[in-house]
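Let me begin by presenting the structure, written as structure tokens, before commenting on it.
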Amino acid sequence: MTEPWFPMKVLIVNHQEVQQWLSMSECVEAMADVFKMLSRGNAVNPLRNIMWLPDKSGLIGTMPAYLGDARVMGLKAISVFPGNHASEYDSHQGTVMLFETQNGRLLAMMDAGKITAKSKLFVDRRESTLNEAGDFLFPKKEGAINDAHLLGEIGDILLDKIEGRASKEDITLFKTLGLAVQDVAAAHHIYQKLSEQGGGRWIEFNATKSENQALRI
């Protein structure tokens, strides 16, 4: 006997629709919220995982993230093929998948294409900068700067935990690597907006438990 099938509707958002449903002002507000969430410790942003093709012609990177306030998690998967500059395809192609955290249901799939050392440097995520940011790691290797130049995360400034510029003469640089939490926050904003206002393209995307078990065997 087959168990009942409960269709799961998934929101599909392409490149043009991301631009249509996420204004710059909304994006800035969403980014401020997620940076504060990250600095409070209520978001998880592991280091990215990258797999190169054997001939080094391209790579695929996977970047998961969790937003505690929103109770969602997500995964950004993106391919990078520099040789595509000579073709009709973008060099960076990928998707952001959004999941809820109660049952792990897939909520949405969206196009990922949209989603220098100075005297003071603020970053989006300290751990990511110390491990992945060439703009910081190269001058550090040459001895021009060290870890002490990283005064904090942008979320700490937004939370008033640390001071930004102390005088008009200070030069402050915000270095962002582009974190998965940012992509997941933008995807969650679009998902909420279209869930409340209606619109968008939704598809039924699920199978019965029996079918899923059969696939695992």
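Coordinate-derived values only; no laboratory data. All figures in this text were calculated on a predicted structure; none of them were measured in a lab. Cβ coordinates were reconstructed from backbone atoms using ideal geometry, including for glycine residues, and neighbour counts include every protein chain displayed.
Quick notes
- 14 Å beta-carbon shell around Asn14, net charge (K/R +1, D/E -1): -1
- Sorted on the mean count of surrounding Cβ atoms within 10 Å across their residues, most packed first, peptides 100-108, 181-189 read 181-189, 100-108.
- Each Lys and Arg contributes +1 and each Asp and Glu -1, all at the Cβ; summed about the Cα centre of segment 44-121, the dipole is approximately 380 debye.
- Unit Cα scatterers, Debye sum, segment 1-112: log10 I(q)/I(0) for q = 0.12 Å⁻¹: -0.58
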